[in-house]
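The values are calculated or read from the model by the stated rules, or taken from the named source; none is laboratory data. Remember, it's a predicted structure, so these values are computed and weren't measured experimentally. Don't worry about glycine lacking a Cβ; one is built from the backbone with ideal geometry, like all the others, and counts go over all protein chains shown. Note: accessible area is taken over every heavy atom of the protein model, side chains too, but ligands, DNA and RNA are not part of it. Shrake-Rupley method; radii C 1.70, N 1.55, O 1.52, S 1.80 Å.
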Amino acid sequence: MPNQGPEMEIVHLLRAVTVELGLHSARFAQRNGMHATDVRALIALMDAARAGEEMTAGRLGAALGLNSAGTTALVDRLERAGRVRRVRGESDRRKVVIEVDERAVELGQSFFGPLIDRTAGLLEGYDERELAAIRGFLRGVRDASAEGS
């Protein structure tokens, strides 16, 4: 295959990173008796919590591309396993919100923490301008991927 330039080299590296992260996530799921969708759900719930947003089952299902029955089965499975809990919404007590149980956060931290620390360590060598470029690139890739859904 002829040299396709530095842009394609970066695209191929990003693909390789995506594959490796997927395999890492799959190992976590397998070791903990979870489905890949369970892991994606926990990530979506933690991202919502970090953003200060409440996550309903409907919103979670939409984020994961699941129908209502699939979302209910997912939340029931995670709740039975002690990974999530259903609670009343803060602003609207009629709303049921899904939250990640602290034990699930600790489990994830014990597995993903070393990778997160190594990744953060890689970023320490970059100045703010370079970090801004990396952020911009990754946001652009995320947005481009979302457009395809």
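Here are some notes:
- Restricting region 56-88 to residues that are over 30 Å from residue 147 (Cα atoms) and touching a Lys or Arg at 6+ places or on another chain (Cβ under 8 Å), the residue that is least open to solvent (accessible area, probe 1.4 Å): 82
- Applying a threshold of 7 Å to beta carbon distances and a minimum spacing of six or more residues, or different chains, the list of pairs starting in region 1-30 at a residue that is within 30 Å of residue 83 (Cα to Cα) and ending at one that is charged (D, E, K, R) reads 29/38.
- When residues in region 88-115 are screened for being of a type in the set (Lys, Arg) and closer than 24 Å to residue 18 by Cβ, 0 of them pass.
- Residue within region 33-44 that is touching a residue at least 40 places away in the same chain (Cβ under 8 Å), surrounded by 12 or more Cβ atoms within 10 Å (Cβ to Cβ), acidic (Asp, Glu) and closer than 21 Å to residue 21 by Cα present: yes
- Any chance residue 69 is of a type outside the set (Val, Ile, Thr) and in contact with a strand residue (DSSP E or B) (Cβ under 8 Å, 6 or more places away or on another chain): no
- Residue 100 closer than 17 Å to residue 25 by Cβ and β-branched (Val, Ile, Thr): yes
- Looking only at residues of region 53-98 that are basic (Lys, Arg) and in a helix (DSSP H, G or I), we find that the one that is farthest from residue 35 (Cα to Cα) is 59.
- Number of positions in region 45-55 that are surrounded by 13 or more Cβ atoms within 10 Å (Cβ to Cβ) and under 15 Å from the mean Cα position of the chain (by Cα): 5
- Qualifying positions in region 107-129 - without any contact (Cβ under 8 Å) to a residue 60 or more places away in the chain, open to solvent by less than 90 Å² (accessible area, probe 1.4 Å) and either in contact with a helix residue (DSSP H, G or I) (Cβ under 9 Å, 6 or more places away or on another chain) or basic (Lys, Arg) (or both): 123
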